[in-house]
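Worksheet for the structure shown next.
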Amino acid sequence: MRKNRFMKKDNIFPITVKDLEELLNSKFENNPDLSISKFENKGKKALIFYIDYQVQGNMMEEYLLTPLLEKDMKWNNSTILNEIPLSNGKTLQSLDEILTDLLIGGVFIYVEGEDSVIGYLLLKKEKRSLEQSETESVVLGPKIGFTESLVTNLNIVRWTIRSKDLVLESFLVGELEPREVRLIYLKSVANETDINTMKQRISELEIDVVDDSSVLMQYLEDSTSTIFPQFLTTELPDRFSYSINRGRIGVLVENSPTAFIAPTTFFSFFESTEDLYMRWNIGTILRALRFISFILSTIMTPLYVAAVTFHYEIIPIPLLINLGQSRAGVPFTPIVEVLILEFIMELLRESGARLPTKIGQTIGIVGGVVVGTAAVEAGITSNVLIIFVALSALASFSAPNYLMGTAARAIRFPMIILGGVLGMVGLAFGLCFLVIHLLKITSLGRPYLSPVYPLRFQDFNKALFRLPPQFENKRFKSYRPKELIRYSREKAKQKKDIDE
């Protein structure tokens, strides 16, 4: 009966040491990882409890237990807080707060008769060393990637963005397993509406656990039905800092090596920080190449199906003759032939991604050659189609962002069906539907196709191409930053006059 009364009340103190021990054991189902120690000094009883393996044992022994067990120390909250040489000590009265901090490396001291518990955060963090990002490879520029340690990631962000305006707001998300989420932005640049929207969405989120930043991102996006990502994910700190400096908002999650950025546009997924480290004209060519590759990856095989099935007249006669000879022994219709080959390609791609790196590369290359050659010799498919499917697969890999590349692969299958059933009319219908769908998508309420829709010519050099550095003195207007001008000669002159 006593336990039920304690569970209903939020503030259970003062309480006896024995009752507190029973309550903690009942909450953790007598878990052996919960370490509870009882001490007595000059007639006063105390309880120290923490979760084993989660706290720094040496630090707890040297700076907490040794001073506490000195004979001349008086056991009360004010004395302990003053005498223990740890700066992060605090008192807690809420049982929910105590249990939450206990799960993230808290060590608690309760002196019988006191109206609160003293807590110290001594979390023992396991982390891997800083390594090169595997999902985003770059030739030029920094190659270091984020890790699973939030503290390490925050240190990297602080090192790359050395601004007094940098804000790192903390949230705890998750009912069963709370994890720290950091909202990062430049106070003098980021749009206030975007900041408040993101804060509201994170604060109102009610879920048991956040497994990864990619999972949290899906809860925060404007639309959950679209296959297109509305937030930009990255493992590269330099891309993260670049976006923050341009007025966007970044989010880091504890135990996740991936950050995400909002708001974003469709064209942001074809940008790479490598473009910044190259000359502006080369960067423009590469950005255009990625965008064209995305379009080709979605329509190349559907165009083949539509042309071979309904529109022979658009194929040059020499190519048509070769195509007819190649397809002479194929027993399937073009749509079935393409779907079979695309399925095999996706199977090879998925199996190669799930196997260890060296084996996966071997499976991808050898499997593609062997299966392709065998399929042509067996008469299952034509050698011309092998070329189209291979080029389509290569084009989908050109997108710097993995999620956008996956979206291109998903779009291709309905496009193939439309091209095989309705020909060019079906293909045109599919493209129109795709454009209308993109027009309806928003990211934190911002248009997804900006600056094309709504039309803003002044932002074209930030989305579609690059200009020489001296002309890149304005931020992306579509994000509505507080400070649009990044750098101007007038500002530099004013600053120089002030300094003089």
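Give, to the nearest whole percent, the P(r) tail of the range 384-482 beyond 19 angstrom, counting all Cα pairs. Beyond 19 Å sits 61 percent of the P(r) for the range 384-482.
Summing Cβ point charges (Lys, Arg +1; Asp, Glu -1) relative to the Cα centre of the chain gives a dipole of roughly 1640 debye. Of the listed residues 201, 239, 162, the order by accessible area with a 1.4 Å probe, largest first, is 162, 201, 239.
In what order, largest first, do 159, 280 sit by accessible area if the probe radius is 1.4 Å?
159, 280
Using the Cβ-Cβ distance between residue 477 and residue 328 with R0 set to 56 Å, the FRET efficiency works out to roughly 0.45. Between the range 270-344 and the range 111-173, the C-alpha centres lie 43 angstrom from each other.
Ranked by the mean number of other Cβ atoms within 10 Å per residue, highest first, peptides 226-238, 455-467 order as 226-238, 455-467. Here residue 287 sits with roughly 20 square angstrom of accessible surface, probe radius 1.4 Å.
Shown for the chain: the carbon plus sulfur share of the solvent-accessible area, taken with all protein chains present and a 1.4 angstrom probe, equals 58%.
If the segment from residue 465 to residue 90 were pulled out straight at 0.36 nm per residue, it would be longer than the present Cα-Cα gap by 129.7 nm. For the set 38/74; 187/462; 143/187; 38/124; 187/482, the pairs lying more than 20 angstrom apart at their alpha carbons are 187/462; 143/187; 38/124. Within the full protein context, the accessible area of residue 292 is estimated at about 90 Å² for a probe radius of 1.4 Å.
In the chain, taking the dipole from charged Cβ atoms about the Cα centre, the farthest positive-side position among 345, 135, 408 is held by 408. As an exercise, take the mean of 1/r over every pair of distinct alpha carbons in the range 150-264, invert it, and state the Kirkwood radius in angstroms. This gives a value of 14.2 Å. Rolling a 1.4 Å probe over the protein heavy atoms gives the chain an accessible area of 52 Å² per residue. Taking every Cα-Cα distance in the range 276-446 and sorting them into 5 Å bins from zero, the calculated P(r) comes out as 1, 8, 14, 18, 19, 15, 12, 8, 4, 1, 0 percent.
Taking all C-alpha pairs of the chain, those more than 42 Å from each other amount to 39 percent.
Run the numbers on the chain and let me know its relative contact order in percent, using alpha-carbon pairs under 8 Å that are six or more apart.
Dividing the mean separation by the residue count of the chain yields 13 percent.
Stokes-Einstein diffusion of the range 1-117 at 4 °C, 1.567 mPa s viscosity, Kirkwood radius from Cα pairs, rounded to a whole number: 88 µm²/s.
Cα centroids of the range 210-250 and the range 30-103: 39 Å apart. Per residue, the convex hull spanned by the Cα atoms of the range 176-324 measures out at 182 cubic angstrom.
The values are calculated or read from the model by the stated rules, or taken from the named source; none is laboratory data. It should be emphasised that the depicted structure is a prediction, and the values quoted were computed from it without experimental measurement. Because the Cβ atoms are built from the backbone with ideal geometry, glycine has one as well, and the counts that use them run over all protein chains shown. Ligands, DNA and RNA are stripped out before the accessible areas are found, and what is left, the full protein with its side chains, is counted by its heavy atoms. Shrake-Rupley method; radii C 1.70, N 1.55, O 1.52, S 1.80 Å.
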